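A short worksheet on the structure shown next.
Read-outs throughout are calculated quantities, based only on the coordinates presented, and are distinct from any laboratory measurement. Not measured: the values here are computed from a predicted model. So basically every Cβ, Gly included, is an ideal-geometry build from the backbone, and we count neighbours across all protein chains shown.
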Amino acid sequence: MDIQQRTFHLHMISDATGETLNTLAKAVRVQYAQVRAIEHLHPLVRSRRELDRVLKDVEATPGIVLYTLFNRELAEALEQSCKQLNVPCVAPLKHVLQVFESYLGMAATPMVGGQHVLDADYFRRIEALNFSMLHDDGHLPEDLDDADIILLGISRTSKTPTSIYLANRGFKTANVPLVPGMALPPQLEQPTRAFMVALVASPERISQVRQNRVIEQAHGHLEEYVDRDAIAAEIAQTRQLCARHGWPIIDVTRRSIEETAAGIIRLYHDREAPALEA
């Protein structure tokens, strides 16, 4: 590692897209904020020729090597080469697979890129993404009953990115803005099969995000849009609406999109559990 610049090279070698390694590496990297990783993603490494090409890059820029190669010959060749280059080489899934094998009493069936197979779950996610894009920001309210989850919230409460994230998890998600002086779509004034959740945040955070938005779009004088007292009143109205209908509320002030979505999914399954038990 370059001690002066506090950087290091990180090679991620995969026989598929490398998404698993990238996610894992990100989770670890954030624990070392004082250093910066120079990432080298090597996807679709499925032959010795492709591996040799990658090894030249590792030799030129040595650093930590993470890999997911289900071909045993390629994996052994990589580990042996890394040993000769004196660089650490780790297969993150190896130990997890060993635990599964020990507990289940059977060996894994190697499947390259198995998590990306075009199965029913894959097409369900695509359908959910299409639904969420079409039902963003209150569009097509007549179809809201077809949603799995409906997000409500005033402007700048991260409804759209949360909807897209949930859709990528397979939940058909619509989002509906709460605008002062405007009534809810009539479809939401009556019972719906969709799971309703409201998103709120602190007036300070919403004001800051709205101010940035106004600057980006070069809007005119929109004092009320960014006024904290006005925003606090909007949030209070959201809470009153949810109390009247019995809808849960999630405060996204200090939550990432992933954390917000995880909370929504937990609430969704908690609601589904009593129905399944019945």
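Taken about its Cα centre, the stretch 7-114 carries a charge dipole of roughly 160 debye when the Cβ of each Lys and Arg holds +1 and the Cβ of each Asp and Glu holds -1. On the basis of the beta-carbon distance and an R0 of 30 Å, Leu222 and Asp121 show a calculated FRET efficiency of 0.10.
The GNM of the chain, with springs linking C-alpha atoms under 10 angstrom apart, assigns the highest mean-square fluctuation among Phe131, Phe70, Phe195 to Phe70.
On full extension, the segment bounded by Ser47 and Asp270 gains 75.7 nm, given 0.36 nm per residue less the C-alpha separation. Neighbour counts of C-beta atoms inside 10 Å place His11, His40, His139 in the sequence His139, His40, His11, starting with the fewest. Projecting the Cα positions of Ala37, Ser102, Ala194 onto the charge dipole of the chain (unit charges on Cβ atoms of Lys, Arg, Asp and Glu, taken about the Cα centre) puts Ala37 furthest along the positive direction.
Report note on the peptides 124-130, 266-272: ranked by the mean count of other C-beta atoms within 10 Å, highest first, their order is 124-130, 266-272. Residues Leu41, Leu66, arranged from fewest to most other Cβ atoms within 10 angstrom of their Cβ, appear as Leu41, Leu66. What the Cβ-Cβ distance of Ala60 and Arg213 gives, at R0 = 35 Å and to the nearest 0.05, is a FRET efficiency of 0.20. Annotation: extensible slack from Arg193 through Ala27 equals 56.2 nm (criterion: 0.36 nm per residue apart, minus Cα-Cα distance). The computed Rg and Dmax of the Cα atoms in Å for the structure shown corresponds, within (i) 22.0, 67; (ii) 24.2, 70; (iii) 18.9, 55, to (ii).
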